[in-house]
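Just so you know, all these numbers are worked out from the coordinates, no wet-lab data involved. Because the structure is predicted, anything quoted here is derived from the model rather than measured. Every residue, glycine among them, receives a Cβ derived from its backbone with ideal geometry; neighbour counts consider all protein chains shown.
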Amino acid sequence: MFFGIAMGLLLTQSALGFMAFLGALSLIGIVINNSIMLVDSMDNLKRKGVEGTESIVRASLSRMRPILTTAATTLIGLIPLSTEW
């Protein structure tokens, strides 16, 4: 994740200012939230009797669309922060 932030700053030739830091914190929060939701889905499946690897695969498949949607809307919402008007 930090590699992606650094590459984004390099590609846009931007400094790590307040707005970039705010965007990075937002993205970190989204990643943590997605991780918590994925682990919770795996735990729920394990409680229902689904075994280890199967619970990982099923939770990943069921959470993929919400995770991608959340990430996409966050990135689109942060575009105004990345442009300097």
Pairing the Cα long axis of helix 2-11 with the longest principal axis of the chain, what angle in degrees results, from 0 to 90 and rounded to the nearest 10?
30 degrees
Among (1) -0.57; (2) -0.64; (3) -0.77, the value of log10 I(q)/I(0) by the Debye sum over Cα atoms at q = 0.15 Å⁻¹ computed for this structure carries the label (2)
The range 16-85: which trypsin sites (Lys or Arg not before Pro) are DSSP loop and have at most 13 other beta-carbon atoms within 10 angstrom?
Lys48
I want the local charge near Gly49. Using Cβ-Cβ distances under 14 Å, sum +1 for each Lys or Arg and -1 for each Asp or Glu among the other residues.
+1
